[in-house]
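The block underneath contains the structure these notes are about, expressed in structure tokens.
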Amino acid sequence: MPLPAQDTSSSPPALNSVLGTRALLVALVLALLPACKDKSPKPPASTASGAKSPQLDKAQFDVSQLQEDDTQWVMAAKNHANTRFSRLTDINATNVKDLKVAWTYSTGFVRGHEAAPLVVGDTMYVVTPFPNHLVALDLSKEGAPMKWVYEPQPSPAAQGVACCDHVNRGAAYADGRLFYNTLDNHTVAVDAQTGKELWKTKLGDINKGETMTMAPLVVRDKVIVGNSGGEFGVRGWAAALSTKTGAVLWRAYSTGPDSDVLIGPNFKPFYEQDRGKDLGVKSWPPEQWKIGGGTVWGWLSYDPELDLLYYGTGNPGPWNPEQRPGDNKWTCGIFARKPDTGEAVWFYQWSPHDLFDHDGINEAIITNLTVNGQPRKVLIHPGRTGYVYVLDRATGEVLSAVPFAHITTSKGVDLKTGKLVPVLEKSPGLGKTVRDICPAAPGAKDWSPAAFSPQTGLLYIPGNNLCQDEQGLEANYIAGTPYLGANVRMYPGPGGNGGEFIAWDVLNGKKVWSIPELFPVFSGALVTAGDVVFYGTMDGWFKALHARTGQELWKFKVGSGIIGQPITFRGPDGTQYVSVLSGVGGWAGAIVAGQLDPRDQSAALGFANAMKELPKYTTRGGMLYTFRLP
């Protein structure tokens, strides 16, 4: 359903684990299936939505200031609103054709590089895949030499239980400190000037298949993190730690009784099906919620006006849905919580009783729109189910849900009930083989983050065009091993292209333009006020398009496929730069990073079949590229 006018005045499973064949599912199991200061810096008074934020303590003031400073990039998604929009215009649609490599940096590692670099002052910070080194690069010197390297030395055993490669999606900066997660379930704080470890807190257990790969978010004096491992029967959670000490201040589980989920008297979900006591237990078979997934490995957003933290929850386990009848709350949905206490305010479930591994962890982008003549505070969610959702972020009401991809698994979203309308004949189950399931398990869009430009009103979606055949199997839970119950084979959807980069008109609910890509697009997107949008491809092209027309303006072939998140910043020399990590891997690139046999159609949970041509196009290896105009 299209939306009315926009208020433009407002702001905007370890590779080794996922990697297997059936044999891999056994072995996979071993491996399965992860400032340049501006010369005239802007005052930090306003938040991403334009309102002043009350009661800022030092850490939050720092983040609020720096996220508004487009010369720097202090959190993976650019700002609390998750827009990945920069107001820098030196590089623009007219001159981007002249971009040249300024300098490069080799990380020395070969698994998937998914992180966004950060830029704070005259230093760039890069987090590598396992063993999760944090590298500081001096932007004030020619070639950006290393200032220091922090080596957390995570347990090597974590690699064996990391679903979807040994990846890391980046760090967050606040108050002179860098915060990030290690694969073996630690959150660390590092002094940004010296590289000294300030604190290190253990939060999970690799013996249960638990890992940590997401990029933290800092809200006031708390760093918010979550866990990975939904394909291992891990119980999902989000937690808040003190930025100063690393002490755990609250932890909210995604399944279980209300007391564990931090649901109290102020929990007011918009839809009736989400109301009731202990639904995190009652919507599951007895005891199943304890191994039911709902991990928190994607993106977090924060709205200072409503003082609400938003994040999505992952798939329920196991994949075989017949082993977990019920809605399986609170998986495959989105929570709004108070960041100080973790108290849940509302929840919406994108995909009740998920059938296809359609995690709900994709980003929620915060902006304001005028809907039916009324200003609404909304969040935009391009979901794995194949719909662009627009929700009222104060209440969780679905205002719009429009398909942006080829879908055979559902008929739409009922806006009265908020429920996804399934196509029953596509339901997988024990002993059944179901074909032409679209979107496939990685969804019409996986974790790879979209960007939103308040200037064009367009959402830029790194998309997949994948379908799959699925056969249901019996899953048996053994702690620390894959817990799936499905045999899957993926393949490109209609047209034969595995991916598509899409410009989406949020107000009118329609595709404006798109670029078909041979492989799924697993890089993040970046858009600027210079009307340029950047993204990378798995076969190793870093591209710049006209943000309004989709015209290709520039591209550069890097050394390995791109699944990282591009950023832009202004260097100490006053020049605008664009940086991105290359280094193919992740779930989509497991066939290269994990050196899988392309003849094995079930490897990487069936993803390898869709990617069997990728080894002909790229090799592995991590390299940071930074570009500038001559």
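What the table below lists for this structure:
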read-out	value
Where labels lie 7 Å past Cα in the beta-carbon direction, separation of S155 and K338 in nm	3.6
Accessible solvent surface per residue of the chain, calculated while the other protein chains remain in place, 1.4 angstrom probe, Å²	31
The chain - percent of accessible surface contributed by carbon and sulfur, probe 1.4 Å	52
Chain lengthening between T194 and I478 when straightened (0.36 nm per residue, less Cα-Cα)	98.0 nm
Test item: Cα-centred dipole of the stretch 457-595, Lys/Arg +1 and Asp/Glu -1 on Cβ, debye	320
14 Å Cα-Cα reach of K557 towards aspartates and glutamates, excluding residues that sit fewer than 8 places from it in its own chain	D539
Extended-chain gain in nm, criterion 0.36 nm per residue less alpha-carbon gap, D436 and R87	121.4 nm
Residue-averaged 222 nm ellipticity for the chain, from DSSP H runs of 4+ at -39500 (n - 2.57), nearest 500	-1500 deg cm²/dmol
Loop GluC sites (Glu not before Pro), the stretch 413-475 (other Cβ atoms within 10 Å of the site Cβ: 11 or fewer; DSSP)	E474
Using a Förster distance of 25 Å, the FRET efficiency for W148-D573 (Cβ separation, nearest 0.05)	0.70
In the stretch 424-469, the trypsin sites (Lys or Arg not before Pro) that fall in loop regions by DSSP, at most 14 other Cβ within 10 Å	K432
3J(HN,Hα) from dihedral phi, the stretch 344-359, Karplus parametrisation 6.51/-1.76/1.60, rounded to Hz, x for glycine, proline	6, 10, 8, 9, 9, 9, 4, 9, x, 6, 3, 9, 10, 6, 8, 3
Ellipsoid semi-axes in whole angstrom, largest first, where each is sqrt(5λ) of the Cα gyration tensor of the stretch 367-526	30, 19, 15
Of K196/K338; K290/K411; K411/K445; K268/K416; K282/K416, those spanning more than 28 Å from alpha-carbon to alpha-carbon	K196/K338; K290/K411
Estimated vicinal HN-Hα couplings, Hz - the stretch 141-152 in sequence order (Karplus 6.51, -1.76, 1.60; Gly, Pro = x)	10, 4, x, 6, x, 5, 9, 6, 10, 9, 10, x
N207-W513 pseudo-label distance in nm [points 7 Å out on the Cα-to-Cβ vector]	5.6
Sparse-neighbour loop sites [trypsin sites (Lys or Arg not before Pro); the stretch 116-207; at most 13 other C-beta within 10 Å; DSSP]	K141, K196
Over 31 Å (Cα to Cα) - which of K97/K510; K426/K612; K222/K510 fall in this group	K222/K510
Unit charges on C-beta of K, R, D, E only; dipole of the stretch 380-472, Debye	80
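The values are calculated or read from the model by the stated rules, or taken from the named source; none is laboratory data. Everything quoted here is computed from the prediction, not taken from an experiment. FYI the Cβ positions are ideal-geometry reconstructions off the backbone, even for glycines, and counts take in every protein chain you see. The accessibility values were calculated without ligands, DNA or RNA, using every heavy atom of the protein model including side chains. Shrake-Rupley method; radii C 1.70, N 1.55, O 1.52, S 1.80 Å.
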